[in-house]
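Worksheet: one structure, shown below.
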Amino acid sequence: MAEENTDIGGTVEDEDEGSDDPNLQLELNAFRAQWMSELKTSSGTSDRLLRTKGLKRTQEIAREEKATELFLRAVQEEQNGAVYEAIKFYRMAMQLVPDIEFKINYNRPPDADRVGANYMEDGDVDGEIEDLLAYFEQQLTLESSVPKICTPELEMTQMHISALPREILMYIFRWVVSSDLDMRALEQLSLVCRGFYICARDPEIWRSACLRVWGRNCTKLVPFKSWREMFLQRPRVRFDGVYISKTSYIRQGEESLDGFYRAWHHVEYYRYLRFFPDGHVIMLTTPEDPLSVVPRLRTRNTRMDSVLLGHFRLSQETDNQTKVFAVVCKKKEEKAAEFQRNRFCRRNPAPEAEHSFHVGLHLSSGGRQSFSKLVWIHHSCHITYKLTGETVVTAFELDRMYTPFFFARVKSYTAFSEQPL
């Protein structure tokens, strides 16, 4: 039994030693080499595929950008009325990318001419403005030992505005704002340079503007953080334009003599409200369209017939609603002329009386513009007889004929400055 075990052990050892056969090692090395070569080939192929996909993607992006440019050019030509040119560009764009119409983003940046146009809707946080002011002041201080409001971009032989003292420059800024409170012009002026930006944020200018609008009711800043924030966010009427209300209705006419038809008339008229910073207001009701009426409402010294002059005041109610109350009446010249006409009349003239109209409006914002809508809440006529001192009040019912007023800005109202702020 021992010998048999010995023979078996010897046989196993011979098999282990036989695993070192050189032919087997060569086959293993050849297999490993072939395996590594296959791996390298597959990795190289994948790299080539990735490069090919990246190149195709780049070409697609370039083709889409070119198609977008052509399509927008076609849209512009179509808007300009050049239909044939537009068709040519449309065809070229769709040849590059057939569905380019659905891939274009039509969102465009705001126009440059609207810079300062929406200063009423600025959502600037007061802290950011203070940081920007501090940054500009620091930059001006670091640039020169003697800080200047601005520096000329080119060499000049004449005196530059930067040579003026700051007090003179602030007086010029008050002329820009003017007595009409053209704060829009001040905001546009602040875009000139850093120094003008600092001057346009001067608290004294904005405080004077607030005092002109609210008077004794704005002695405290609370809850606002600055005078500029108060002017921009606190409800008020606007002075750089006119509030217009358009009313139209159908009126039944008289029946014809033969009785076969009855005419219907389309009646259309306008109401105009023009506010001034000193508390005066102009009210006019006329069938004339705004194109012919608005230019004549620039000043209070208008010679239009049926113009009512008066005063207005703002009222802040407990429910945080701002209301405008106005009292208007005819001009004195018309009353004197009417008295002269009645003086030569044989019959006894009617007792002399004064007519005044009391108007109540609710101030709100309409659309994108702030404080641009006035809604009727009250309208009455007060007749005071001078002989007896009696006053008769007639309140009008606010029906659908009292359409709201909407604000329209008029550039000519603030084109000239008559007095500084």
Could you work out how far the C-alpha centroid of region 364-396 sits from that of region 206-220, in angstrom?
25
How much length, in nm to one decimal, is gained on full extension between Gln321 and Glu255, taken as 0.36 nm per residue of separation minus their Cα-Cα distance?
18.9 nm
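Would you mind counting up the charge near Asp289? Only other residues with Cβ under 12 Å from its Cβ, with Lys and Arg at +1 and Asp and Glu at -1.
Overall, the nearby charge balance is -1.
Suppose the chain between Val75 and Glu354 were pulled fully straight at 0.36 nm per residue; how much longer would it get relative to their current alpha carbon spacing?
Details: separation 279, 0.36 × 279 = 100.44 nm, distance 6.13 nm.
So the extension gain works out to 94.3 nm.
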If we sort 288-297, 203-212 on the protection proxy, mean other Cβ atoms within 10 Å, highest first, what's the order?
203-212, 288-297
Residue-wise, which Karplus ³J(HN,Hα) couplings in Hz belong to region 94-99, taking 6.51 cos²θ - 1.76 cosθ + 1.60, θ = phi - 60°, and x for glycine or proline?
6, 5, 6, 9, x, 9
Output the peptides 58-70, 363-375 sorted from most to least packed, where packing is the average of other Cβ atoms within 10 Å over each peptide's residues.
363-375, 58-70
Using θ = phi - 60° and the Karplus curve 6.51 cos²θ - 1.76 cosθ + 1.60, what whole-Hz ³J(HN,Hα) does each residue of region 200-217 get, with Gly and Pro shown as x?
5, 9, 4, x, 5, 5, 5, 5, 4, 5, 5, 5, 5, 7, 10, x, 6, 7
Simple spin-label estimate for Met156/Arg216, 7 Å along Cα→Cβ, in nm, reads 4.6
Hz values of 3J(HN,Hα) by residue in region 160-167 - Karplus curve (6.51, -1.76, 1.60), Gly and Pro given as x:
8, 5, 5, 7, 6, x, 5, 5
In nm, spacing of pseudo-spin labels at Phe396 and Ile61 (7 Å Cα→C-beta vector):
6.5
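The numbers here are math on the coordinates, done by the rules we state, and not lab data. Remember, predicted model here, so these are calculated numbers, not experimental data. Glycine gets a Cβ as well: all are built from the backbone with ideal geometry, and neighbour counts include every protein chain shown.
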